Amino acid sequence: MDTSGYMSLFLEESREHLDNINNKLLLLEKDNQDSGIIDDIFRSAHTLKGMAGTMGFNSVASLTHSMESVLDEVRKNQLFLSPSVIDLLFQCYDFLELCLKDIELVGDDSQRDPKALEDSLRQLVAKKPDNDISPAEPVQQHTKGASPKASTMELDEYQKDIIKQSEMQGYNTFEIKIVLVSDCLLKSARAYIVFRELETLGEIIASNPSAEDLEDELFGNSFSLILVTSSDINAVRRVLDQITELESIEINQIESGSSVHTDQDTDTTANAAAADSSSKRKLGQSIRVDIERLDLLMNLVSELIIVKNRIQNENYYRQDKNISESVEYLGRVTTDLHDAVMKVRMVPVEIVFNRFPRIVRNLARETNKSVELITRGANTEVDRTIIDELSEPLIHLIRNAVDHGLETREERIASGKPETGVIILNAYHEGNNVVIEVTDDGRGIDLSKIREQIIMKGLASEEAAMEMDEARLITYIFNTGFTTSENVSNISGRGVGLDVVKTSIESLGGVVEVSTAAGKGTSFHIRLPITLSIIKALLVKVADEKYALPFGNVIELMEARQSQITRLKKQELIRFRSHLIPVIRLDRLLECPRKRKSDSDRMIMVVVKKGDKTYALVVDDLIGQQEIVIKSLGKYLSDVQIVSGATILGDGSIALILDINHVA
């Protein structure tokens, strides 16, 4: 069977099951007696084994089968879930994760051998005979004229009526019990084949356990079903005899008049009535969509917005009331369509957050520290393109918090703190931005060490370094190669982590802020736009050029006179809401001088916010607010930091989008 068409679906679902195994193992470390968690891991291993076996990935299927055996012993209370057992299961998770990467890259997992891990898993399982497999039962064949038996499955009135109507029309109804061989590797796949082959003869009206449980492999080695068919018992027998890995087959003819009772020895925990209702699978409330299709849809919406802006820019349509109303309606529909597409592309940051409990666990062991990770706001949603780029900077911040931020157990106890250090990972929306915070309750940033490094590396004179305030000093920790750590470890100390954080976040149009307190801890605040595709912007004019300012950064528009501007250390300042804020003249910064000087003393200023800092940008004119589509400048202009992209305006002209993070 050609399975190439299912590869992307297999990888996506397998990663979901692996993530579930990882998260549940972390929970088991805190409570190794929770049977619900163990069952959840068992189900994920079951499903992963079945999918891998169907796709032909034997290393994954074989290892998950061995994991399943260990977990089954744990579920039976025949194996204690010690820390060493959990560590071994974590090693299996790491191996499976590497296998998935191999499958994604080369389409195969055969280059990895799970034998060493499987041997370790087998050593955990007690050497005892498998007593829970019943001996093979003889196949009972009924010839024409044999007395029908009563069904061992509980049927509802609808199913009884089907059997009655079938009898009146000359159809036969058979109850079939299948027992699989004890070493059947893919039980759900074997059950599927049985269903598929029997449905060529008639209709299966009930099963025990339900079709859903059979698909999820939540059953022992046997299952039953009821088949309505025009064929006789010998024809049914011939079809089943062609299927391998069936230990025994029992076929009984039943009739509507026979008494109905429940078989107390059936290998299932669910009653048949519930099983039948479950067998009718409900239509899913969600579907999987390839991200490339969403990107294509977003591009089409972007082009539609450009056309809408162009139509709205034309003057002629305003002379006709009907056309004017149609254009306004088009604008509303386009905006609603954009909002709907954006919601489809939004995903919770939980996708990223779920990776960190395991990372923190490993870092805590490596540094011999006691660390607790608390996550909040995991349901906060951002655009998928941002999620893909968010993992690396957050990993650097968490590694930095564990290694640099948190003290050792002895240091924490000596300073009157709890032995266990706390790292909080928090996400929330703030206007058109999403804010992600990484906070620790550790020692805080040592500002004196930063000053020493600044002077030692020649980044500033001793006098200048001593005059720097806390905010200015902290900016240096983001410099390439800058570190206050005296030792280089596998975790940190080379001075590259925070540089990567700043570069990555600013490439997404975001900003990183730091707050720290000696002896209390440090907090990194990351502010990012919710989307990177279509934004609301304020269009301004500087000399003869048009520029766009992201509306999320704009606080206020104001007029000012030259006399209101003061100068301090070569920096122009103006009073705004009882504070002095820097004035930035965009014509000088962008090197686009006016062709002739204005006679007016009045200036138009756009007050913008960059993190916790505020600036006043001097512009020549205001064009207005508009929804714009962000277009990349390409790799040749990727190092132009002051501009984050460009947009096509309604009249066909180009406007550059200013990056507020690099304007000031």
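For the range 112-149, filtering for residues that are at pLDDT below 75 and surrounded by fewer than 14 Cβ atoms within 10 Å (Cβ to Cβ) leaves 18.
Residues being at pLDDT below 85, surrounded by fewer than 17 Cβ atoms within 10 Å (Cβ to Cβ) and over 21 Å from the mean Cα position of the chain (by Cα) are entirely absent from the range 39-47.
Has the range 283-301 got any residue that is crowded, with 17+ Cβ neighbours inside 10 Å and modelled with pLDDT of 80 or more?
Yes, because at least one residue in the range 283-301 is crowded, with 17+ Cβ neighbours inside 10 Å and modelled with pLDDT of 80 or more.
Tallying residues that are in a helix (DSSP H, G or I), surrounded by 12 or more Cβ atoms within 10 Å (Cβ to Cβ) and touching a helix residue (DSSP H, G or I) at 6+ places or on another chain (Cβ under 9 Å) within the range 463-472 yields 3. Within the range 390-402, residues that are charged (D, E, K, R) have Cβ atoms under 7 Å from residues that are at pLDDT below 90 and not in a helix (DSSP H, G or I) in these pairs: Arg399/Ile491; Arg399/Ser492, counting only partners at least 6 apart in sequence or on another chain.
Say whether the condition of being in contact (Cβ under 8 Å) with a residue 24 or more places away in the chain and surrounded by 14 or more Cβ atoms within 10 Å (Cβ to Cβ) is met by at least one residue in the range 453-462. So that I can check it myself, show each step before the final result.
So in the range 453-462, the residues in contact (Cβ under 8 Å) with a residue 24 or more places away in the chain come out as 453, 457.
Keeping just the survivors that are surrounded by 14 or more Cβ atoms within 10 Å (Cβ to Cβ) gives 453.
Yes; the residues of the range 453-462 include at least one that is in contact (Cβ under 8 Å) with a residue 24 or more places away in the chain and surrounded by 14 or more Cβ atoms within 10 Å (Cβ to Cβ).
Is at least one residue of the range 514-524 crowded, with 19+ Cβ neighbours inside 10 Å, touching an Asp or Glu at 6+ places or on another chain (Cβ under 6 Å), within 27 Å of Ile395 (Cβ to Cβ) and not hydroxyl-bearing (Ser, Thr, Tyr)? For the range 514-524, residues crowded, with 19+ Cβ neighbours inside 10 Å, touching an Asp or Glu at 6+ places or on another chain (Cβ under 6 Å), within 27 Å of Ile395 (Cβ to Cβ) and not hydroxyl-bearing (Ser, Thr, Tyr): present.
Would you call Arg443 touching a strand residue (DSSP E or B) at 6+ places or on another chain (Cβ under 9 Å), in a loop (DSSP other than H, G, I, E, B), surrounded by 15 or more Cβ atoms within 10 Å (Cβ to Cβ) and not assigned by TED's automatic domain parsing to the domain that holds Gly552? It would help to see each step written out before you state the result.
Working: touching a strand residue (DSSP E or B) at 6+ places or on another chain (Cβ under 9 Å): yes; in a loop (DSSP other than H, G, I, E, B): yes; surrounded by 15 or more Cβ atoms within 10 Å (Cβ to Cβ): yes; not assigned by TED's automatic domain parsing to the domain that holds Gly552: yes.
It is true that Arg443 is touching a strand residue (DSSP E or B) at 6+ places or on another chain (Cβ under 9 Å), in a loop (DSSP other than H, G, I, E, B), surrounded by 15 or more Cβ atoms within 10 Å (Cβ to Cβ) and not assigned by TED's automatic domain parsing to the domain that holds Gly552.
Consider the range 186-197 and keep the residues that are more than 23 Å from Thr173 (Cβ to Cβ) and part of a helix (DSSP H, G or I). The one that is farthest from the chain's Cα centre (by Cα) is Arg190. Residues of the range 313-325 that are at pLDDT 75 or above and surrounded by 12 or more Cβ atoms within 10 Å (Cβ to Cβ): Ile323, Ser324.
The residues on offer are Leu89, Leu79, and the sole one that is over 22 Å from the mean Cα position of the chain (by Cα), touching a residue at least 40 places away in the same chain (Cβ under 8 Å) and either loosely packed, with under 15 Cβ neighbours inside 10 Å or over 16 Å from Leu18 (Cβ atoms) (or both) is Leu79. In this structure, Asp40 does satisfy being in contact with a helix residue (DSSP H, G or I) (Cβ under 8 Å, 6 or more places away or on another chain), under 28 Å from Leu214 (Cβ atoms), of a type in the set (Asp, Glu) and in a helix (DSSP H, G or I).
Report whether or not Glu29 is of a type outside the set (S, T, N, Q) and touching a residue at least 12 places away in the same chain (Cβ under 8 Å). In short, yes. Does the range 319-340 contain at least one residue that is outside the structural domain of Asp19 (by TED's automatic domain parsing), without any contact (Cβ under 8 Å) to a residue 60 or more places away in the chain and within 22 Å of the chain's Cα centre (by Cα)? Within the range 319-340, one or more residues are outside the structural domain of Asp19 (by TED's automatic domain parsing), without any contact (Cβ under 8 Å) to a residue 60 or more places away in the chain and within 22 Å of the chain's Cα centre (by Cα). Note on the range 48-81: residues that are assigned to a helix (DSSP H, G or I), farther than 17 Å from Cys184 by Cα and among the basic types (Lys, Arg) total 1.
Which ones in the range 1-17 are surrounded by fewer than 18 Cβ atoms within 10 Å (Cβ to Cβ) and under 16 Å from Cys92 (Cβ atoms)?
If we filter the range 1-17 for residues that are surrounded by fewer than 18 Cβ atoms within 10 Å (Cβ to Cβ), which is where we start, we get 1-9, 11-13, 15-16.
Answer for the range 1-17, where residues must be surrounded by fewer than 18 Cβ atoms within 10 Å (Cβ to Cβ) and under 16 Å from Cys92 (Cβ atoms): just Arg15.
Exactly one residue among Asn368, Asn379 is within 28 Å of Gly444 (Cα to Cα), polar (S, T, N, Q), touching a residue at least 24 places away in the same chain (Cβ under 8 Å) and exposed (fewer than 14 other Cβ atoms within 10 Å of the Cβ), and that residue is Asn368.
Scanning the range 406-435 for residues that are touching a helix residue (DSSP H, G or I) at 6+ places or on another chain (Cβ under 7 Å) and within 18 Å of Thr380 (Cα to Cα) returns Leu425, Gly431, Asn432, Asn433. Here the condition is being in the same structural domain as Val511 (by TED's automatic domain parsing) and without any contact (Cβ under 8 Å) to a residue 60 or more places away in the chain; of Asn362, Asn433, it holds for Asn362 alone.
Of all residues in the range 3-37, which are among the β-branched types (Val, Ile, Thr) and modelled with pLDDT under 85? Even if it seems obvious, please write down each step before you answer.
First, the residues of the range 3-37 that are among the β-branched types (Val, Ile, Thr): 3, 21, 37.
Passing the criteria: only Thr3.
Scanning the range 544-583 for residues that are surrounded by 13 or more Cβ atoms within 10 Å (Cβ to Cβ), among the small types (Gly, Ala, Ser) and within 45 Å of the chain's Cα centre (by Cα) turns up Ala548, Gly552.
The values are calculated or read from the model by the stated rules, or taken from the named source; none is laboratory data. Everything quoted here is computed from the prediction, not taken from an experiment. Don't worry about glycine lacking a Cβ; one is built from the backbone with ideal geometry, like all the others, and counts go over all protein chains shown.
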